[in-house]
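Structure first, commentary second.
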Amino acid sequence: MATVTEHTHHKLRTVDIAYIGLFSTLMMIGANITSFVPFLVVGGVPITLQTFFAILAGLILGSRKGALACTVYMCIGLAGAPVFALFSGGFSKILSPTFGFIVSYILVAFIAGLIVERSGTKVRYIVAALVAFVINYLFGTNWMYFAYKVWASAPEGFTYKLAWLWMVPPLPKDIILSIFAGIFAHRLQKTLKIIPIK
């Protein structure tokens, strides 16, 4: 009986698939908002809302389904659909120095969801969002630096410090949006109750 119950618990329901599709779509929208304001591309790094929606995916759907939503988004883009930042897509995107940020969204959603699955307090949600945001920056920026040093054409005078300086412009926005994501997700979770809080 326990085996059957566990299997049912992990099986995706129709509503789960709908939520996963919804957040994959939100990731696509968040990636291309700045396509209409190109001056928000700093040092080749688009300032997008992908981090915000990835955090929300984890906080609202939980670790497994949140990460799955971001994985679906990444796979759609790699398959050729123009869903990445600046309406880009295709398997060649893997060679882009900023691809690490796309990979990090899966980790962001998983970690955010994992943290709140253990407790449903507002503080826990905000902390989870901020931890996920830090993971996004650490993973994405280090990937970008490594990519420029190994296979991409690095700008003249490119250093590890410069890679982090490129991340300064979107920093305040992402901190504020992460806190907002935590507060918003906590309120929404009370209504949706998608995540079984331990």
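The values are calculated or read from the model by the stated rules, or taken from the named source; none is laboratory data. Just so it is clear, the model here is predicted, and its values are computed rather than measured. So basically every Cβ, Gly included, is an ideal-geometry build from the backbone, and we count neighbours across all protein chains shown. When the accessible area is computed, the model is the full protein with side chains, heavy atoms only, and any ligands, DNA or RNA have been set aside. Shrake-Rupley method; radii C 1.70, N 1.55, O 1.52, S 1.80 Å.
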Over segment 39-198, what per residue volume does the convex hull of the Cα atoms give, in whole Å³? 105
Share of accessible surface on carbon and sulfur in the chain, whole %, 1.4 Å probe and ligands ignored, is 73
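Please go through the residue pairs Lys65/Lys193; Lys65/Lys93; Lys11/Lys122 and name each one whose alpha carbons sit more than 21 Å apart in this structure.
Details: Lys65/Lys193 14 Å; Lys65/Lys93 24 Å; Lys11/Lys122 28 Å.
Correct reply: Lys65/Lys93; Lys11/Lys122.
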Burial ranking of peptide ranges 106-113, 153-160 (average Cβ count within 10 Å, highest at the top): 106-113, 153-160
To the nearest 20 debye, segment 103-198 has a Cα-centred charge dipole, built from +1 on Lys and Arg Cβ and -1 on Asp and Glu Cβ, of 500
Given only helices, namely DSSP H runs of n ≥ 4 each adding -39500 (n - 2.57), what is the per-residue ellipticity at 222 nm of the chain, to the nearest 500 deg cm²/dmol? -22000 deg cm²/dmol
Keeping all protein chains in place, calculate the accessible area per residue for segment 133-198 (probe 1.4 angstrom), answer in Å². 60
